[in-house]
Structures are given as structure tokens and as C-alpha cells.
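Visitor: Dumping the structure here so I can ask a few things about it.
The values are calculated or read from the model by the stated rules, or taken from the named source; none is laboratory data. These numbers come from a predicted model, not from an experiment. Cβ placement follows ideal geometry from the backbone for every residue including glycine, while neighbour counts extend to all protein chains displayed. Surface areas here come from the heavy atoms of the whole protein model, side chains and all, with no ligands, DNA or RNA. Shrake-Rupley method; radii C 1.70, N 1.55, O 1.52, S 1.80 Å.
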Amino acid sequence: MLVIGLISGTSVDGIDAALVDISGTDTDIKVEFLAGETYPYPAELRKKILAVCAGEALSMAQLAELDDAIALTFAQAAQHLQINHPSVELIGSHGQTVYHRPPKRRGEGFPDTLGYSLQLGRGSVIAKLTQTPTVSNFRAGDIAAKGHGAPLVPRVDAYLLSHPHESRCVQNIGGIGNVAYLPARSHPHWLEKVRGWDTGPGNSLLDLAVHCLTDGTQTYDADGNWAASGTPSYTLVDKWLSQDYFQLPPPKSTGRELFGWEYLQDCLADSTALNLSAADTLATLTELTVVSIVHSYRTFLPQLPDRVLLCGGGSRNLYLKRRLQESLAAIPVQTTDEVGLSANFKEAIAFAVLAYWRMLNLPGNLPQATGATQQVLLGEVHLPM
Ligand SMILES: Nc1ncnc2c1ncn2[C@@H]1O[C@H](COP(=O)(O)OP(=O)(O)OP(=O)(O)O)[C@@H](O)[C@H]1O
Ligand SMILES: CC(=O)N[C@H]1[C@@H]2OC[C@@H](O2)[C@@H](O)[C@@H]1O[C@H](C)C(=O)O
């Protein structure tokens, strides 16, 4: 079946659209990647989304306008791929996360409170404009089952990237970082032993810092070159790493609500107090991403993996990748490209697979990764009128 997956992640850099040909069900699933494109958001729309993610208040009318604009941009991304592939049968659209609240659990001093996660860009509009059945709102079902609604990709990673004999960590470094730990498939009950959680900041703090340090003229540290010219302050890395999120056991999820502007302001104040240069500040923020990933593996995994596979935009940050490799010493750190799955489009591909599973009435979440009480079908199906 030809399926398009669409997502714009927490970096809000644009819509990743992937076209894949999927066959099989789960253990025998085959996914052939046929095409991938990134469609940058119009500058004004991106600015608005970032402001809303940073907590700017919206009236209901403004919320409706924003939802319309995002749905239209997502539909256009799909339509663009459909020009050369008119026989696409299904779209899985993650939409744009603008708010994410993890659930609160008994035992933390609170009564149970469900999570809440809002993705804009409604699927009904995408289905109508593309004349293609569209699955959207993937996180709601898992959240209703007391899960975080995130991360959802670990089940897809398990089927596409696990290995018969080696254990792997698939580490996405987007705005936020998240990991899927995949034991070797020869392990009895290997799927039950898959783990996943959000490791903390990926590029979100780095991107915001670059924006601040360049008066908005640059949006990210290309290849990590700027950070590579500095020296990390381990005094600050240790201080930041002692914060609650990094110590919290999985399942856990986070977003720009925590690792956003306010968090960065505190980091910049710490770095000014130590007279760090701009390069040292970026090196220290990059190191926080590296150390938080490695700390979470050492603290929460049953054992360190045999191999780490990176994906997401942060896998193109050469300094970050080098520091991860140095920190993990003998464990090889590669990208998913090197095992045949596009590192840039893996998340978009994952939402194509999740939509496909929804149409086959197969569950998409892994309760041990999201904290849900059970496996559930993910997503709402919208048929074109
Ligand atoms: N060549 C590069 N060098 C350094 N960083 C890069 C490079 N290319 C992309 N990035 C980083 O990757 C980010 C985009 O990553 P990606 O598209 O995976 O994020 P996302 O999907 O929005 O996030 P999430 O996975 O949290 O939802 C950019 O904002 C930038 O920080
Ligand atoms: C609420 C939300 O959009 N979460 C994203 C975000 O970006 C990375 C990390 O935080 C991950 O948990 C999740 O996305 C991926 C696609 C997931 O659900 O697996």
C-alpha cells in the first residue's frame, strides 16, 4: 500500500513528508522508502507556532485560524508528493504539537491526572483536500489509557530496526531527544523488553541559544561548528543534569513547555555568571544533550546497547555526534541511514506505518514506552467526502 507520512516536530522547522510502500503486518512488515521532502513553514506561520509553543495566549478564533493554516500546509505537502504518485491510498498525519502535558501519577504526591497533547492540523481537512483517507490525532488514544501519548515511534523502531543478535538504541535528536531500546530479537519476549522515553532536550535549547546569540539571523549551529570551537563547562552540565526531569524514571515524556525559552534563560544566566563565551555556552548546551542521553542509558537501561543508531536533525550535528561517540567509547554510534532507514524521514515514515496499522486494526503504542495501561489503536480515521 502506498502511504504518505507527515509530521512537523518540536523544532517547528517544517513539514517532513515521506512516501512509502508498505506490505505485511507487523513482524513481517516491509517498508520501502520512495520519496521524502521537507516543506518549510511560511516564516509568519512558524513564528506564530513558536510563540504559541512558548505560551502565547490565543482566543478560540485565533486557535481555529492557526489550525486551518497548519492543516492547509500539511495538505499541500501531501498534494505535492501526490503529483508524481497519484495512487497514494492513505495518509498518516501527526500534525503540529503546540502543547504537551505529561500525566501525573499517584506516588508523586498528586492524584492521577491524565496527560494532554494537542496537535494542530486537523485530519478531516487533509482528507478532503487530498481526497485521500487520513489518520490523525495519534496521541489521544494512548493518553486516554493513562499513557503519555509519547513516544509513539518505539513500536515502529522495534519492527523496522531491531536486529536478530544485537541490542540497539535508536536515538532521535529532534527538538526533543527520545530513545527506543531494542533488545536482540533472539531474546525471549523481545518486544515486551523494548523500552522508550524522551531523554530531554535534543536541539531545542541549542537552536534557541543560536537565535539569541545571532539576533535571530541564524536558527541552528550548522554541523555543530560553533560549539566545536568552544569548551563545555562541566560545572554547569552537572548542575543542569541534577534537575528533576533527568532523574525521573521512564516512562516519561517532555516538550518545549519544559525545555524552551524559560529554561534557556536560566542556562544563559548561569553561563553569564561564569563568563562563558558564546562558543563555550553552545558547547555546554550540546554537552547537556550528550550527557543527558548517556546518563539515561546508564541509569534506566537493563544494559548498555551493542550499537546506537541516530536519527533526526541532530544526527547531522557532527560535533554532537562526535561527543556522543566519545562518551559511549566502544559502542558504535551510527545513523539509521547506515542500516538502510532514512535518518531525516524516519519520524514521517513512522506515522505512515502507524496509520497503516490503524487501518489494519493493529495497536500502535507500546505500553512500556508510554505508560499506558494497555495497547490501543492509535489515530482517528477521516474518509474523504
Ligand atoms: N547540519 C546540521 N547541523 C546541526 N544541526 C542540524 C543540522 N541539520 C539539522 N539540524 C538540527 O536539527 C533540527 C531539526 O531536527 P528535526 O527535524 O529532527 O526536529 P523535529 O522533528 O522538529 O523534532 P522532534 O523529533 O523533537 O519532534 C534543527 O532545528 C537543527 O537544530
Ligand atoms: C508530544 C510530542 O509531539 N512529542 C514528540 C517530541 O519530539 C520527540 C519527542 O518529543 C517524542 O516523544 C515525540 O515525537 C515522536 C515522533 C514520538 O512520539 O515517538
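Visitor: Do we find a residue being more than 28 Å from S167 (Cβ to Cβ) and crowded, with 21+ Cβ neighbours inside 10 Å anywhere in the stretch 182-190? Talk me through it step by step, then tell me what you get.
Guide: Start the filter on the stretch 182-190 by keeping residues that are more than 28 Å from S167 (Cβ to Cβ), which leaves none.
No, every residue in the stretch 182-190 fails to be more than 28 Å from S167 (Cβ to Cβ) and crowded, with 21+ Cβ neighbours inside 10 Å.
Visitor: Another one. I'd like to check something: does the stretch 337-349 contain any residue that is open to solvent by 50 Å² or more (accessible area, probe 1.4 Å) and hydrophobic (A, V, I, L, M, F, W, C)?
Guide: yes
Visitor: Can I ask one more? Being of a type outside the set (S, T, Y) and more than 16 Å from ligand 1 (Cβ to nearest atom), is that true of even one residue in the stretch 167-178?
Guide: yes
Visitor: Here is a further query. Across the stretch 166-214, what is the number of residues that are within 16 Å of ligand 2 (Cβ to nearest atom), part of a helix (DSSP H, G or I) and out of contact with any helix residue (DSSP H, G or I) (no Cβ under 7 Å at 6 or more places or on another chain)?
Guide: Of the residues in that region, 2 qualify.
Visitor: Another question, if that's okay. Tell me, yes or no, whether the stretch 82-101 has at least one residue that is within 26 Å of T10 (Cα to Cα), part of a helix (DSSP H, G or I) and either open to solvent by less than 60 Å² (accessible area, probe 1.4 Å) or assigned by TED's automatic domain parsing to the domain that holds Y245 (or both). Let's see the steps before the verdict.
Guide: Start the filter on the stretch 82-101 by keeping residues that are within 26 Å of T10 (Cα to Cα), which leaves 82, 90-101.
So of that shortlist, the ones also part of a helix (DSSP H, G or I) come out as 82.
Narrowing further to those that are either open to solvent by less than 60 Å² (accessible area, probe 1.4 Å) or assigned by TED's automatic domain parsing to the domain that holds Y245 (or both): 82.
Yes, that holds for at least one residue.
Visitor: If you don't mind, there's one more thing I want to ask. Can you pull out every residue in the stretch 108-158 that is charged (D, E, K, R), more than 16 Å from ligand 1 (Cβ to nearest atom) and either modelled with pLDDT under 95 or outside any helix (DSSP H, G or I) (or both)?
Guide: Answer for the stretch 108-158, where residues must be charged (D, E, K, R), more than 16 Å from ligand 1 (Cβ to nearest atom) and either modelled with pLDDT under 95 or outside any helix (DSSP H, G or I) (or both): E108, D112, R122, K146.
Visitor: Testing T286 on (1) more than 12 Å from ligand 1 (Cβ to nearest atom); (2) surrounded by 19 or more Cβ atoms within 10 Å (Cβ to Cβ); (3) among the β-branched types (V, I, T), one condition comes back false. Which one is that?
Guide: (1)
Visitor: Out of all the residues in the stretch 105-113, is one or more open to solvent by 10 Å² or more (accessible area, probe 1.4 Å) and on the phi > 0 side of the Ramachandran plot?
Guide: The answer is yes, given that some residue of the stretch 105-113 is open to solvent by 10 Å² or more (accessible area, probe 1.4 Å) and on the phi > 0 side of the Ramachandran plot.
Visitor: Quick one: count up the residues across the stretch 1-32 that are in a strand (DSSP E or B), of a type outside the set (S, T, N, Q) and within 16 Å of ligand 1 (Cβ to nearest atom).
Guide: Residues meeting the conditions: 7.
Visitor: I've got another one for you. Mind checking which residues of the stretch 236-259 are touching a residue at least 60 places away in the same chain (Cβ under 8 Å) and over 16 Å from T284 (Cα atoms)? Quick ask: steps written out before the conclusion?
Guide: The first filter runs over the stretch 236-259 and keeps only residues touching a residue at least 60 places away in the same chain (Cβ under 8 Å), leaving 250-257, 259.
Those that are touching a residue at least 60 places away in the same chain (Cβ under 8 Å) and over 16 Å from T284 (Cα atoms): P250, P251, K252, S253, T254, G255, R256, E257.
Visitor: Same structure again: State the number of residues belonging to the stretch 137-165 that are within 9 Å of ligand 2 (Cβ to nearest atom) and β-branched (V, I, T).
Guide: Summing the residues that are within 9 Å of ligand 2 (Cβ to nearest atom) and β-branched (V, I, T) in the stretch 137-165 gives 2.
Visitor: A further question follows. Residues to consider are N365, N317; find the one that is assigned by TED's automatic domain parsing to the domain that holds Q119 and open to solvent by less than 20 Å² (accessible area, probe 1.4 Å).
Guide: Result: N365 is the single residue among N365, N317 that is assigned by TED's automatic domain parsing to the domain that holds Q119 and open to solvent by less than 20 Å² (accessible area, probe 1.4 Å).
Visitor: Filter the stretch 188-228 for residues that are in contact with an Asp or Glu (Cβ under 8 Å, 6 or more places away or on another chain) and of a type in the set (S, T, Y); which is modelled with the highest pLDDT?
Guide: Step by step, filter the stretch 188-228, then rank; the result is Y220.
Visitor: Taking only the stretch 42-57 into account, find how many residues are open to solvent by less than 50 Å² (accessible area, probe 1.4 Å) and either in contact with a Leu (Cβ under 7 Å, 6 or more places away or on another chain) or over 28 Å from T254 (Cβ atoms) (or both).
Guide: The number of residues fulfilling the criteria is 1.
Visitor: So which residues in the stretch 196-235 are within 23 Å of S296 (Cα to Cα), without any contact (Cβ under 8 Å) to a residue 60 or more places away in the chain and near ligand 1 (Cβ under 10 Å from one of its atoms), if there are any at all?
Guide: D198
Visitor: To continue, here is another question. Could you please let me know if E65 is assigned to a helix (DSSP H, G or I), assigned by TED's automatic domain parsing to the domain that holds S23, farther than 24 Å from V156 by Cα and charged (D, E, K, R)?
Guide: The answer is yes for E65.
Visitor: Just checking, which of R322, R358 is out of contact with any helix residue (DSSP H, G or I) (no Cβ under 7 Å at 6 or more places or on another chain), farther than 16 Å from A180 by Cα and either within 16 Å of ligand 2 (Cβ to nearest atom) or at pLDDT below 95 (or both)?
Guide: It is R358.
Visitor: Could you please give the count of residues in the stretch 3-40 that are open to solvent by 30 Å² or more (accessible area, probe 1.4 Å) and more than 19 Å from L161 (Cα to Cα)?
Guide: Of the residues in the stretch 3-40, 7 are open to solvent by 30 Å² or more (accessible area, probe 1.4 Å) and more than 19 Å from L161 (Cα to Cα).
Visitor: Oh, and also: Restricting to the stretch 33-47, and then to whatever is in a strand (DSSP E or B) and hydroxyl-bearing (S, T, Y), can you tell me which residue is farthest from ligand 1 (Cβ to nearest atom)?
Guide: Y39
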